[in-house]
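Down below is the structure, laid out as structure tokens.
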Amino acid sequence: MKDDEMGPVESDVEQLHRAIFRESRDPREGREPVPWWMWTASVLAIFWGGWYLGRYGGTLDARAHTAFQGQGVPAAGAAASQSRTLMADPVRAGQGVYTQRCQSCHQADGMGLAGAFPPLRGSELETGAPEQPIRIILDGLQGPVTVGGRTFNGVMPAWRNQLSNAEIAAVTTYVRQWKPNNAPPVDTTLVVQVRAATASRAGKPWTAGELQGAATAADTSTANKRSR
């Protein structure tokens, strides 16, 4: 048979490629067009964010600080009220400091926790020279310490940067007036002196041996002053 009777003759390569061309192209990941609704949502979100910041973001003029000025007045009033309480009733003020700062460890009754936190009632550290509890409150206490014939090995944090001189005097007075302590109250002036004398410790906790050495040195200094 002649070629014109068989029709156009296609090579095997052409027939193979014709089959391939009839197939759809495989999709390419990462090249899909962004849906129109996503563009719309993005534009709306940008406009809404700009409106929100403009409406509630504040300004750089004096009006932006008016609220803070108003808040400062109650804070100053509360501080003044606390100061008056410390001066008028240090025991009551000391109770407030103890409840907030000390009660979680030494407990509400001041009896501490066995093996960890020593009791404050009947403690030689509280009923002795008032400088001792002041030193402990200022810079903390670590390592074993014997109270009432029992040994405790806990850690007390330093309160030098958290409590004022009046607050330390008040809480020390509060603890020392407990029964059976019945020790004299502590004046704020003494706290100021101890704070200045121990400034070089910068929150380094005391040990029982260091407290004993500080007490001995203080007794010696007092005896020398009396002998002059």
Fill in: Those residues of the range 121-167 which are over 27 Å from the mean Cα position of the chain (by Cα), assigned to a loop (DSSP other than H, G, I, E, B) and aliphatic (A, V, I, L, M), in sequence order
Ala129
Worksheet item: Which of the residues spanning the range 114-135 are in contact with a Pro (Cβ under 9 Å, 6 or more places away or on another chain) and of a type outside the set (Gly, Ala, Ser)?
Response: Leu120, Arg121, Leu125, Glu126, Thr127, Pro130
Worksheet, complete the sentence: Output for Cβ contacts, cut-off 8 Å, separation at least six or different chains, first residue closer than 17 Å to Met111 by Cβ in the range 175-186, second of a type in the set (Phe, Trp, Tyr), reads Val175/Tyr98
Item to complete: Could you grab me the full set of residues in the range 174-193 that are farther than 10 Å from Pro133 by Cβ and either polar (S, T, N, Q) or assigned to a loop (DSSP other than H, G, I, E, B) (or both)?
Response: Gln177, Trp178, Lys179, Pro180, Asn181, Asn182, Pro184, Pro185, Asp187, Thr188, Thr189, Gln193
Worksheet item: Does Thr216 meet the test of being touching a helix residue (DSSP H, G or I) at 6+ places or on another chain (Cβ under 9 Å), free of Cβ contacts under 8 Å to residues at least 12 places away in the same chain and surrounded by fewer than 16 Cβ atoms within 10 Å (Cβ to Cβ)?
Response: no
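Only the coordinates and a few stated rules stand behind these numbers; no lab work does. No experiment lies behind these values; they were computed from the predicted model shown. No Cβ is skipped: glycine too gets one built from the backbone with ideal geometry, and neighbour counts run over all protein chains shown.
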